[in-house]
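Novice: Just passing along the structure, written as structure tokens.
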Amino acid sequence: MTFTPQLTALANYLAGEFDNQQQALEQPAWYVHLRLWIRPVPIFTEDSITLFAEQANVIKLNQPYRPRILRLRQKENIEVEFYMFEDLATAQGAGQNKDLIKNITPDQIKFLPNCTLKVTTQAVNMGKYSFETTPICDRPCSVTYQGTTFQVFLGFKATADALLTYDKGIDPDTGKGTWGALMGAYQFNKRQDFSGELNLTQYFT
């Protein structure tokens with residue numbers, strides 16, 4: 001299928017290597033200096049553009065964490081579905097090694113109910129857009145791993161120039177944040193562009 005310019009633009013904006021160096025320098029008490037990788041992965045190509053994401057503390061780049069899959073789909077609005085790996089070690093390090101991306105298969109991941117985001121699109125100028133997400137339902141996004149269930153708030157805002165992420169863990173008893181963007185969004189800038197890896201011709205049928 002052929003994707004809309006908006007969906008393609010969102011994929012282009014997200015595909016890259018990011019860091020929040022400036023924010024971490026200015027507010028070290030609240031923001032860890034992170035590196036974030038988002039790379040295209042060739043699964044669900046019949047109706048989606050799919051991305052692999054993981055991140056790491058810059059002083060521990062060899063220990064990336066939170067590997068996840070973002071499936072971008074064009075419905076009435078753009079939607080972003082989240083998937084997690086059955087075994088988190090399956091694709092660990094794929095953000096820094098695109099050869100590992102080729103080994104990711106749909107049977108290694110599971111869809112996360114209630115974790116889908118609706119994307120609001122605003123045209124800016126010269127064919128550029130601003131994208132902002134909201135949860136698609138009122139039920140909390142829940143992630144179960146090794147028998148333990150966690151609640152997570154997911155969200156981001158993406159433009160051609162920056163990526164703001166609002167992800168944070170939620171205490172189910174108090175509703176308060178426990179980790180992540182507790183004092184506002186993480187502010188990432190793209191340091192390396194991976195949009196050339198999208199190879200959108202593979203999506204056309």
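The values are calculated or read from the model by the stated rules, or taken from the named source; none is laboratory data. Being a predicted model, the structure only gives us computed values, none of them experimental. Don't worry about glycine lacking a Cβ; one is built from the backbone with ideal geometry, like all the others, and counts go over all protein chains shown.
Novice: Select from region 92-112 the residues that are more than 22 Å from Phe194 (Cβ to Cβ) and surrounded by 12 or more Cβ atoms within 10 Å (Cβ to Cβ) and list them in ascending order.
Specialist: Matches in region 92-112: Lys110, Phe111, Leu112.
Novice: Which of the residues spanning region 124-143 are part of a loop (DSSP other than H, G, I, E, B) and in contact (Cβ under 8 Å) with a residue 24 or more places away in the chain?
Specialist: Val124, Gly127, Lys128, Ile136, Arg139, Pro140
Novice: Would you confirm, using the coordinates I've provided, whether Ile49 is surrounded by fewer than 22 Cβ atoms within 10 Å (Cβ to Cβ) and not in a loop (DSSP other than H, G, I, E, B)?
Specialist: Spelling it out, it is not the case that Ile49 is surrounded by fewer than 22 Cβ atoms within 10 Å (Cβ to Cβ) and not in a loop (DSSP other than H, G, I, E, B).
Novice: Just name the residue that is surrounded by the most Cβ atoms within 10 Å (Cβ to Cβ) out of those in region 52-81 that are free of Cβ contacts under 8 Å to residues at least 12 places away in the same chain and within 22 Å of Cys137 (Cα to Cα).
Specialist: Lys75
Novice: Consider Gln96 against the criteria (1) within 22 Å of Ala185 (Cα to Cα); (2) modelled with pLDDT of 90 or more: it satisfies all of them except one. Which criterion is unmet?
Specialist: (1)
Novice: Given the criteria surrounded by fewer than 17 Cβ atoms within 10 Å (Cβ to Cβ), touching a residue at least 40 places away in the same chain (Cβ under 8 Å) and over 27 Å from Asn62 (Cα atoms), does Gly175 qualify?
Specialist: no
Novice: Can you find, within region 144-172, the residue that is surrounded by the fewest Cβ atoms within 10 Å (Cβ to Cβ) among those that are in a strand (DSSP E or B) and of a type in the set (Phe, Trp, Tyr)?
Specialist: Ranking the qualifying residues of region 144-172, first place goes to Tyr145.
Novice: Ok, one more. Criterion first (within 16 Å of Leu7 (Cβ to Cβ), among the hydrophobic types (A, V, I, L, M, F, W, C), assigned to a strand (DSSP E or B) and at pLDDT 95 or above) does Phe188 satisfy it?
Specialist: no
Per-residue answers, yes or no, for (1) outside any loop (DSSP other than H, G, I, E, B); (2) within 17 Å of Gly155 (Cα to Cα); (3) more than 18 Å from the chain's Cα centre (by Cα):
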position	(1), (2), (3)
Ala11	yes, yes, no
Ala24	yes, no, yes
Asn62	no, no, yes
Leu70	yes, yes, no
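Novice: Under the condition of being in a loop (DSSP other than H, G, I, E, B) and in contact with a helix residue (DSSP H, G or I) (Cβ under 6 Å, 6 or more places away or on another chain), which residue from region 28-41 is surrounded by the fewest Cβ atoms within 10 Å (Cβ to Cβ)?
Specialist: His33
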